Amino acid sequence: MEIIVYNLKHGLIITVFVFVMMMLVDYIEVLTQGKMSKVIKGGCWRQYVGASGLAVIPGCLGSFMNVSFYVHGLLSFGALTGGMIAASGDEAFVMLTLFPKQALMLFAILFILGIVSAWVIDKILPVLKIKPCPACELSEVHFKKDVCKILDVQGVLDNLRKITLSRFLLLALSLIFIVFVVARIISIEETWERNTLISLLLLAIFIIITVPDHYLEEHIWNHLAKRHLGRVFLWTFFSFLAIDIGQNFWNLEAYVKENMFWVLIIAALIGLIPESGPHLIFVTMFANGIIPFSVLLTSSIIQDGHGMLPFLSYSVKHALLIKIINLVIGLSCGLILYMVGF
């Protein structure tokens, strides 16, 4: 029972970290009215840098924007594929929480690899006979309706006076979590982690009380809370629980190290799943020192969170081709690093 309670608290802390960071990324994108993503259109190298730069931002927003740009004919096939290599989905938030220094190094590698891969893929594009189609439209961000006015006192007063259920719940849960952390009901050993979490929650409260109803309902409540929050918590909790049980009742670390080659292959195959969640087991094992960097890199190159999901509705053939290319690149890089001892 103790191990379950411990991992519940651990999973809850990580989920809150992830949720607030996801909220901040989305908030900045809307606050700047899409300027964060408008750097894409231009020459080839601008596309490569822009697509990989967008994709390496934690979460699914960058990948979704890249897909939208591609189907509008604004990105090359190589740029889109490079962006999927650079993307880590929601797992990126968890990595920043568990091992921030190594995570930033990983993101830098994925960013560079995405750019280089995009260039190489476009060079061999005539052989693949792939052409982007500008006729499709998958998504649109309604910046004019969602744009947030900072320090709009009257708007804040209106939001609080006519408070919706979703705004009330988000505000109440944020305040309760701050109280639990300050009162050490939810214990966080590291002072910097505790202070960072409290600061992030205060930022979250600011966003919750200042944004308009449409933004709060569509972006924060329906998308982030309903679609991401539960999934991140469950995968994080069960990943930590599985590893703790494995370490306590079975010599998991020794078994994995004896079969590291096959663990790397499994990480590559699971990376093909177009969904955030399954890959968290490798993030958790790396955080616990069970697997080397080569396995984490392999998983990160091949998986792209659920950034590929909207693209499946555009072209299953193209989506499969991107996944195959990512599999080849991910396995090649991972095996090279594995053989040299990383």
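The values are calculated or read from the model by the stated rules, or taken from the named source; none is laboratory data. No experiment lies behind these values; they were computed from the predicted model shown. Don't worry about glycine lacking a Cβ; one is built from the backbone with ideal geometry, like all the others, and counts go over all protein chains shown.
Annotations for the structure displayed:
- Pairs where the first residue, in the range 168-189, is free of Cβ contacts under 8 Å to residues at least 40 places away in the same chain and the second is surrounded by 13 or more Cβ atoms within 10 Å (Cβ to Cβ) and assigned to a loop (DSSP other than H, G, I, E, B), C-beta under 9 Å, 6+ apart: LEU171/ILE163; PHE180/ILE186; VAL181/ILE188
- Scanning the range 292-306 for residues that are surrounded by fewer than 24 Cβ atoms within 10 Å (Cβ to Cβ) and free of Cβ contacts under 8 Å to residues at least 60 places away in the same chain gives PRO292, SER294.
- Boolean, ILE176 is in the same structural domain as ASN7 (by TED's automatic domain parsing) and modelled with pLDDT of 90 or more: no
- PHE19 being modelled with pLDDT of 75 or more and within 16 Å of the chain's Cα centre (by Cα): yes
- Condition check for LEU203: in a helix (DSSP H, G or I) and at pLDDT 85 or above: yes
- Residue match in the range 147-165 (condition: modelled with pLDDT of 80 or more, part of a helix (DSSP H, G or I), of a type in the set (Ser, Thr, Tyr) and over 30 Å from ASN66 (Cβ atoms)): no
- Failed item in (1) over 19 Å from PHE168 (Cα atoms); (2) within 23 Å of the chain's Cα centre (by Cα); (3) modelled with pLDDT under 80, with GLU258 passing the rest: (2)
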